[in-house]
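Asks: Supplied in structure tokens, the structure appears directly below.
The values are calculated or read from the model by the stated rules, or taken from the named source; none is laboratory data. Keep in mind the model is a prediction, meaning the values are calculated, not measured. As a convention, Cβ positions derive from the backbone with ideal geometry for all residues, glycine included, and neighbour counts pool all protein chains shown.
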Amino acid sequence: MEEYVLSVQDLKTKFFTRHGVVNALDGVNLTIRKGEIMGVVGETGCGKSVLALSIMGLVKYPGKVVEGSVVFRGRDLTKLDPDEMRKIRGSGIAMVFQDPLTFLNPVFTIGDQLSEVFLFHAEMDRKVVEYRIAKAKESLAESTNDGQRDQLIEEINTLERAKEAPAKASSKEARKAAWYFSTEMMRLLEISDPERVAKFYPHELSGGMRQRIMIAMALALEPDLLIADEATTALDVTTQAQILQLLKELRSRINSAILIITHDLGIVAQTCERVAVMYAGKIVEFTQTRELFSNPKHPYTQGLLSSVPRMSGPEADLEWIPGSVPDMINLPSGCTFHPRCPFAQKLCEQEAPEMLGETSHLVRCHLYGKLQAGRQAYEK
Amino acid sequence: MTNQRTVLRTRSRTKSIISTLRLLRENKLVFSGFLIVVAALLVAVITPFAIPYSVNSTVHFTDKWLPSSLSHPLGTDDLGRDLLSVILWGTSTDFTALVVVLGIALSIGILVGATAGYLGGKFDEAIMRVTDVFLAFPSLILAMTFAAILGHAIINLTIAIALVYWPDISRLVRGQVIAEKSKPYIESLRASGMSRYRILYKHILPNTIQPVMIQLTFKAPWVIITLAGLNFLGFGPGPFTPDWGQLISNGYAYFFEAPNVVIFSGLALLIASLSFNLLGDGLRDVLDPRLRR
């Protein structure tokens with residue numbers, strides 16, 4: 001039995017707008033394993049971000065999760081009351097957004113905002129003791145005087161014992177400790193000179209630095225799952241590569257699973273182990289990243305892959321998928337992709353396909369079910 | 001290491017105050033407004049303890065309406081009191097009243113406005129209709145009504161003005177809160193599991209305080225003038241709590257015999273109002289954290 005961090009079952013989110021009901025998520029099934037990096041790709045407007053918000057329970061009016069379950073730590077998040085849900089956000093599931101400037105409060109310094117995450121969520125009494133131990137160890141490393149060293153070792157031992165039942169810390173100590181762990185967190189994200197950077201305001205930092213701060217804030221409480229919603233889209237490619245590399249490293253250090261939501265197949269190829277392709281509120285293909293790239297099954301995935309520009313080989317016109325994402329209020333009948341699908345048959349207009357295939361490679365297409373015979377003949 | 005860091009932080013805080021002053025000083029008019037406001041506040045604090053002549057009980061009918069002289073630099077008023085002392089005491093009365101008015105109006109206005117803006121819905125609707133009622137009447141007439149109901153003590157005038165003023169602030173704060181709460185960083189705070197009230201008070205309010213501060217400095221002259229107006233119209237506590245408006249009221253009938261009274265108390269009123277306006281102008285530029293450093 002594999003251990004799942006998160007299991008989304010048949011999730012349906014609808015937006016009840018003035019123009020009609022938008023089926024933003026139309027029965028999404030998704031499981032994320034412990035410590036796994038998983039990708040969700042799709043075009044703009046296919047419901048990727050709504051998926052993230054639905055998991056977090058942050059879908060705004062007029063949107064609503066109408067059906068399905070999101071099971072996390074053995075509990076269905078869609079049924080939790082707001083207070084319990086709030087406790088899970090941040091410490092259980094954290095989220096990083098696309099534009100780090102607008103997602104940071106402009107009037108507080110980086111350090112203040114990072115500290116607040118600790119002050120609000122973490123057990124500060126314990127953190128204060130940990131902070132004292134860290135400080136004592138620091139001075140131990142610098143100290144040369146034997147008598148002083150013994151004293152410090154003694155102090156560390158008492159503190160280690162106190163860790164289990166920490167004394168109530170004053171708010172001043174708590175703030176100091178929070179500040180210390182904030183700079184430590186920034187160091188973990190390879191921000192040089194964190195003591196100085198912590199005193200900056202968000203607008204004084206570069207985009208890459210801001211995104212590191214956002215990630216630091218998200219990872220501060222060591223969540224089981226980190227959702228990165230287009231987290232690197234606003235960054236240039238080199239910074240993007242650095243941040244993705246960091247995420248990969250941190251994943252093993254903190255042991256968080258990461259859900260990367262993106263429209264960029266390059267990012268998926270670089271980082272993710274498994275990937276779900278979304279189209280019009282449904283997952284149409286779900287498999288290992290390697291498998292997806294070597295053996296894409298769904299016509300939509302094939303289209304996506306062939307529209308990635310290639311630098312090698314002879315110069316050719318860029319391929320694309322004709323048409324665009326359908327109107328989410330008046331979805332096409334049958335398979336929602338059929339108006340754009342080069343292999344569409346009559347059946348595709350009439351009947352919506354189910355998820356087919358083995359669990360290691362699921363695909364939502366008639367070509368692998370009722371129309372299998374035709375496809376095989378065509379391939380021959 | 002730790003000590004060093006705390007020292008650095010406090011130093012950066014004093015530094016930011018200094019840089020604020022430096023920014024204020026760049027515009028000479030704004031800076032003079034700032035200096036006058038500070039000076040007036042100092043006068044208001046010091047006057048009750050150090051005043052050349054007593055103004056609260058002594059009456060010298062033989063000395064009334066005296067012109068300027070060495071012993072009375074601005075002359076005397078209708079009760080034979082030293083005019084300079086009376087005007088200084090008036091500064092104290094008016095500025096104390098100003099601080100109290102702003103304090104009351106600010107507490108009510110921010111509390112009500114922020115809650116209404118953040119919660120929205122029916123609560124917001126109800127509160128806004130209440131403020132509409134207040135705003136429907138001309139402010140001076142409404143203040144007069146409250147003053148007449150409450151009585152003549154200076155504290156009652158203060159409460160009357162605060163009651164007229166709070167809807168302004170609550171409207172302003174409400175608008176700012178609504179604008180701020182739809183910004184993306186609020187969403188990221190919600191995603192990090194922050195509670196609603198902590199988001200409102202720790203994150204949204206600090207972002208709305210800047211326009212409120214500016215509104216306050218622009219509205220301070222209005223408060224001073226309204227107070228003077230109420231006193232002028234006879235809603236005040238009488239001659240032994242001196243105030244600029246009341247001085248003008250007493251002096252205007254004797255303008256040609258003893259012009260000093262009206263001229264100098266009017267001037268005090270004018271300078272105080274003008275300097276607050278200038279300061280407000282400067283604050284608008286300076287308070288933006290994005291312009292700092």
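Asks: Would you mind stating whether residue A:177 is within 12 Å of chain B (Cβ to nearest Cβ), part of a helix (DSSP H, G or I), free of Cβ contacts under 8 Å to residues at least 24 places away in the same chain and in contact with a helix residue (DSSP H, G or I) (Cβ under 7 Å, 6 or more places away or on another chain)?
Replies: no
Asks: Still on this structure: Go through A:52, A:24 for me and flag whichever is crowded, with 22+ Cβ neighbours inside 10 Å and within 14 Å of chain B (Cβ to nearest Cβ).
Replies: Exactly one of A:52, A:24 is crowded, with 22+ Cβ neighbours inside 10 Å and within 14 Å of chain B (Cβ to nearest Cβ), namely A:52.
Asks: Is the range A:180-198 home to any residue that is of a type in the set (Ser, Thr, Tyr), surrounded by 14 or more Cβ atoms within 10 Å (Cβ to Cβ), in a helix (DSSP H, G or I) and more than 10 Å from chain B (Cβ to nearest Cβ)?
Replies: yes
Asks: Still on this structure, please answer the following. Name the single residue that is nearest to the other protein chains (Cβ to nearest Cβ) among those in the range A:101-119 being of a type in the set (S, T, N, Q) and assigned to a helix (DSSP H, G or I).
Replies: Among them, the one singled out is A:113.
Asks: Given the options B:76, B:91, B:62, name the one that is under 23 Å from residue B:258 (Cα atoms) and within 18 Å of the chain's Cα centre (by Cα).
Replies: Going through B:76, B:91, B:62 in turn, just one is under 23 Å from residue B:258 (Cα atoms) and within 18 Å of the chain's Cα centre (by Cα): B:91.
Asks: Tally the residues that are touching a strand residue (DSSP E or B) at 6+ places or on another chain (Cβ under 7 Å) and free of Cβ contacts under 8 Å to residues at least 12 places away in the same chain, restricting the search to the range A:200-238.
Replies: 0
Asks: Here is a list of conditions, (1) assigned to a helix (DSSP H, G or I); (2) surrounded by 13 or more Cβ atoms within 10 Å (Cβ to Cβ), and residue A:150 meets all of them except one; can you say which number that is?
Replies: (2)
Asks: Test each condition in (1) in contact (Cβ under 8 Å) with a residue 60 or more places away in the chain; (2) part of a helix (DSSP H, G or I) for residue A:38 and report the one that comes out false.
Replies: Answer for residue A:38: the failing condition is (2).
Asks: Could you go through the range B:213-235 and let me know if any residue there is within 14 Å of chain A (Cβ to nearest Cβ) and not in a loop (DSSP other than H, G, I, E, B).
Replies: Yes, the conditions are met somewhere in the range B:213-235.
Asks: Another question, then. Please name all residue pairs, on different chains or six or more residues apart, with Cβ atoms under 8 Å, provided the first residue is in the range A:280-302 and is closer than 20 Å to residue A:343 by Cα and in contact (Cβ under 8 Å) with a residue 60 or more places away in the chain and the second residue is in a helix (DSSP H, G or I) and of a type in the set (S, T, N, Q).
Replies: A:284/A:301; A:285/A:301
Asks: Moving to a separate point now. Which residue out of B:276, B:232, B:240 is aromatic (Phe, Trp, Tyr) and modelled with pLDDT under 90?
Replies: Testing whether each residue is aromatic (Phe, Trp, Tyr) and modelled with pLDDT under 90 leaves just B:240.
Asks: Would you point out the residue of the range A:120-138, among those that are facing chain B (nearest Cβ under 10 Å) and buried (at least 16 other Cβ atoms within 10 Å of the Cβ), that is nearest to residue A:257 (Cα to Cα)?
Replies: Among residues in the range A:120-138 that are facing chain B (nearest Cβ under 10 Å) and buried (at least 16 other Cβ atoms within 10 Å of the Cβ), the one nearest to residue A:257 (Cα to Cα) is A:121.
Asks: Would you check which residues across the range B:165-200 are part of a helix (DSSP H, G or I), without any contact (Cβ under 8 Å) to a residue 12 or more places away in the chain, within 28 Å of residue A:81 (Cβ to Cβ) and more than 9 Å from every other protein chain (Cβ to nearest Cβ) and list them?
Replies: B:197
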